[in-house]
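This report concerns only the one structure given below.
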Amino acid sequence: MHPVFITIIKRLGLGLVTLFVVSAIIFSSVSLLPGDFGEAVLGQAATEETVAAFREELGLDKPAVQRYFEWAGAILKGDLGTSFSGRSASGVDRSRSVAGMIAPRLKNTLFLAGVTAVIAVPLAIILGLSTALYRNSWYDRSINATTLTTISIPDFFIAYLLILVFASLWKVFPSLSTVDPSMLLGERLSRIALPTITLTLVIVAHMMRMTRAAIIGLLASPYIEMARLKGASRSEIILKHALPNAWAPIATVVAFNLAFLVVGVVVVEVVFVYPGIGQLMVDSVTSRDIPVVQACAMIFAGTYILLNLIADVIGIVTNPRLLHPR
Amino acid sequence: MSIDNTQEDSQQDILLDMRNIRIEGFSDEQWHPIIKGVDLTLKRGQIMGLIGESGAGKSTLGLAAMGFARPGCRFTEGEVNFNGTDLLKLKEVERRKYWGTKIAYVAQSAAAAFNPAQRLIDQTIESANRMQLRPEAQSREDAVDLYKSLHLPDPGTIGERYPHQVSGGQLQRVMTAMAMSARPDLIIFDEPTTALDVTTQVEVLASMREIVEQHNTAAIYITHDLAVVAQMADVIKVLRYGEEVEQAQTRTMLTEPKEAYTRSLWSVRSLEKPEEAGDDIVLSMQDIHAAYGAVPVLQGININLPRGKTVAVVGESGSGKSTAARVITGLLPQSQGEVKFNGEVLPSQLKDRTPEQLRQIQMIYQMADTAMNPRQTVEKIIGRPLELYHNLSGAKKAARIDELLNMIELDESFLDRLPGELSGGQKQRICIARALAANPDVIICDEVTSALDQIVQEGILKLLLRLQQEFGISYLFITHDIATVKAISDEIVVMYQGKVVEQGLKSEILSPPHPEYTELLLSSVPDMDPDWLTNLLDSRVSSD
């Protein structure tokens, strides 16, 4: 087998180990949350007995270690459990499965993240390459200044600014991004236009600056001077000689920002009232809906691990030293 | 042919005519002159050797022949007439059309000058492809032919490899093929064999010379090694401080240089210490085996160092010379065998050695730059071992530091300087003083002169010899340079692939008959004789 496959399999194994460790951390930190679901739902006035009965129904009376292994074992089987909410001491069970609650929200989040990524990643790389090509020019400086500005302004402020300009002054896009599955693609895209622009402005700077720095870092290499002395033009040097050696750092920063689009956009979701997974998690924390919180946290952790794994693999396959050992 | 005709011919034959080249470099917030008005004329098919010490402006002048100035440098005056066109008057877009196709460049470190992400053949034919000199398939075939004529192994497939998959000597030849691919009129060779072992250097020099002659390509050959330039060049130009010292035909230059500076360059190699035998063994390695992880590096070596004498350890890179030094100092514990100092076995681990044992064996490194803390002054660097080993402080320490500085022929004005404020030779002297401060019995010198210019080398070697006579220090002198060996050693150890080929007195090792490897090593060291390479190749062919 090619050594690269072995490396990938090893990384995959390490990723699973990491996920396992993370699951333990998530479980124990959720247990540390003050108060519990029983009290939160039944209120201060509930009698000791009612609370105890409710906790027993939810399985909260069992020891933590046992609960952890039951939970982790269920996840391994693909069962994320049942939400705490919707159950009531009244005896009518209207609770929903965690998977059923998360699925539409996750789909929305991935939709927003996907559209943003399709715009932001190529834009950032093209800006990074072109600023490296014309470095220290007015073009380079103005792009750098602009992206630095957008990354320095808090995302909610950009969001409100965009609403002010594109929803209030010119009514181009809706200010609310409520979507539902029945909408057509065009309608959905128009609904998420403002959050997409907001997120793009937030993440482009980081990726673009890393791309530019990675390329410029290579421009001092002897093989770049050699390429010049072989008559290569500036764009050839950037694209043919520097970029193939810069994929690893670029992939890492792209992976980091894509992960951010999945796990870190709750503020933007709140501003635009977008039904994404971030809001769901925050709501669940407030209501002490532990199974949902844990499931969201596991999805977030898995996203980070998977994207970083992909970045690592890109780093390996674009490096001939690793791909073609002696 | 009449005299007039000859003159006219030679006028037409001029390929490159550089006039009054002046180049400045930017450092410390201001522009400094690097090249101060040099002329250079090269005929078609002629090879010119450019020699001088580091900082003389050789590379800058070589690149200037392409109309190229490195970032941070600029032309302030001059013309670079190539085939009648002044390259400096062209826009860069126009100038680029000459680069790689009409004028090609071969860099010093092939390992760094090849793009690690591209296959060799794609890089070889890049320039020819860009200018569409011929169909790509034809360029590829031509590249294979070039690989063949440069005597590369597997010429048909070596181009499919990546740079890290071939050796340094092979890469240097692939780079020559790359330069030759577009059939340029001129190739600039910038120290192309400096990074190679002597045994590899011979092969690379021979194939370079052959291919340049075959295609009647003119060349500028930049080097600091006189013996190498003698093999390659028709004419030699000597540079110093960005100015021309003199220029003459190779043979004339070697036999009767006009300028004192040139003669001083020539004379360095004549330093030779009379050998002395010694029976009192101060340090011995007995049947040492050592490995990096699972890779065995030393396979049962025995080396004896007589007291007050110098043993030179020679061999090419990868032969285990430096590993032997690491075992002696305890940095790399051996897997088998013993290191004895004054008859006592030294613990193999550094941490098990007593301060006294550490004091007795000191080390000087190849790169003086990286062997000193750049944030410490000379006073601190030399003072530290005095505190550590001799508990000196205050006035006694200061007096001893002065004494040590005098020993290395420097004075108190150096006390407050940082390593960055010293020249290469001065840095190495400070490293020697630091080693001396411990009052060691043995100093291990690992390639201590390799990074230095020849004149500076001579100074360091003389200093080391004088210190040996005064203090009876024993040196284990690791080097790959045979001229250095002749200059300093009493005994020689020849190493090859982790084994000792032979150890003996200098005169015994250097005079025939030799074991096969020693013969190859010694015969590969270039001589100042311009016919040396030709004769060597002839003799190797006839003995095959």
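Here are the numbers:
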item: Pick from the stretch A:222-237, criterion open to solvent by 20 Å² or more (accessible area, probe 1.4 Å) and small (G, A, S), ranking: farthest from the other protein chains (Cβ to nearest Cβ); result: A:S235
item: Residues of the stretch B:88-119 satisfying the condition of being more than 7 Å from chain A (Cβ to nearest Cβ), touching a residue at least 40 places away in the same chain (Cβ under 8 Å) and open to solvent by 40 Å² or more (accessible area, probe 1.4 Å); result: B:K102, B:Q108, B:A111, B:R119
item: Identity of the residue in the stretch B:480-521, open to solvent by 40 Å² or more (accessible area, probe 1.4 Å), of a type outside the set (A, V, I, L, M) and assigned to a helix (DSSP H, G or I), that ends up nearest to B:V327 (Cα to Cα); result: B:K486
item: Number of the condition not met by A:R96 [criteria: (1) in contact with a strand residue (DSSP E or B) (Cβ under 8 Å, 6 or more places away or on another chain); (2) touching a residue at least 24 places away in the same chain (Cβ under 8 Å)]; result: (2)
item: The stretch B:144-191, residues that are within 11 Å of another protein chain (Cβ to nearest Cβ), part of a loop (DSSP other than H, G, I, E, B), farther than 25 Å from B:A218 by Cα and not aromatic (F, W, Y); result: B:R161, B:V166, B:S167
item: Residue check, B:A233 surrounded by 23 or more Cβ atoms within 10 Å (Cβ to Cβ) and small (G, A, S); result: yes
item: Residue that is surrounded by the fewest Cβ atoms within 10 Å (Cβ to Cβ) [pool: residues in the stretch B:288-322 that are hydroxyl-bearing (S, T, Y) and modelled with pLDDT under 90]; result: B:Y292
item: Residue match in the stretch B:415-427 (condition: open to solvent by less than 20 Å² (accessible area, probe 1.4 Å) and either assigned to a helix (DSSP H, G or I) or in contact with a Pro (Cβ under 6 Å, 6 or more places away or on another chain) (or both)); result: yes
item: Residue list for the stretch B:29-42, filter: open to solvent by 20 Å² or more (accessible area, probe 1.4 Å) and in contact (Cβ under 8 Å) with a residue 12 or more places away in the chain; result: B:W31, B:P33, B:I34, B:K36, B:G37, B:D39, B:T41
item: Residue within the stretch B:381-390 that is aliphatic (A, V, I, L, M), closer than 21 Å to B:T449 by Cβ, touching a helix residue (DSSP H, G or I) at 6+ places or on another chain (Cβ under 6 Å) and open to solvent by less than 20 Å² (accessible area, probe 1.4 Å) present; result: yes
item: Residue within the stretch A:90-111 that is under 30 Å from A:A220 (Cα atoms), at pLDDT below 90 and either assigned by TED's automatic domain parsing to the domain that holds A:A295 or surrounded by 14 or more Cβ atoms within 10 Å (Cβ to Cβ) (or both) present; result: no
item: Unique residue being touching a Pro at 6+ places or on another chain (Cβ under 8 Å), in contact (Cβ under 8 Å) with a residue 40 or more places away in the chain and more than 14 Å from chain A (Cβ to nearest Cβ) when the list is B:T217, B:T199; result: B:T217
item: Index of the failed condition, A:E269 passing every other in (1) more than 17 Å from the chain's Cα centre (by Cα); (2) crowded, with 17+ Cβ neighbours inside 10 Å; result: (1)
item: Selection within the stretch A:307-326 - surrounded by 18 or more Cβ atoms within 10 Å (Cβ to Cβ) and at the interface with another protein chain (Cβ under 9 Å from one of its Cβ atoms); result: A:T318, A:N319, A:P320
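Each row is one residue, and each column tells you yes or no for (1) under 23 Å from B:E246 (Cα atoms); (2) surrounded by 17 or more Cβ atoms within 10 Å (Cβ to Cβ).
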site: B:N20; (1), (2): yes, no
site: B:S27; (1), (2): no, no
site: B:R44; (1), (2): yes, no
site: B:A56; (1), (2): yes, yes
site: B:V80; (1), (2): yes, yes
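The values are calculated or read from the model by the stated rules, or taken from the named source; none is laboratory data. Worth saying up front: this structure is predicted, and the values here are computed from it rather than measured. Note that we place each Cβ from the backbone using ideal geometry, even for glycine, and neighbour counts take in every protein chain shown. Quick note on the areas: whole protein, heavy atoms, side chains included, nothing else; ligands and nucleic acids left out. Shrake-Rupley method; radii C 1.70, N 1.55, O 1.52, S 1.80 Å.
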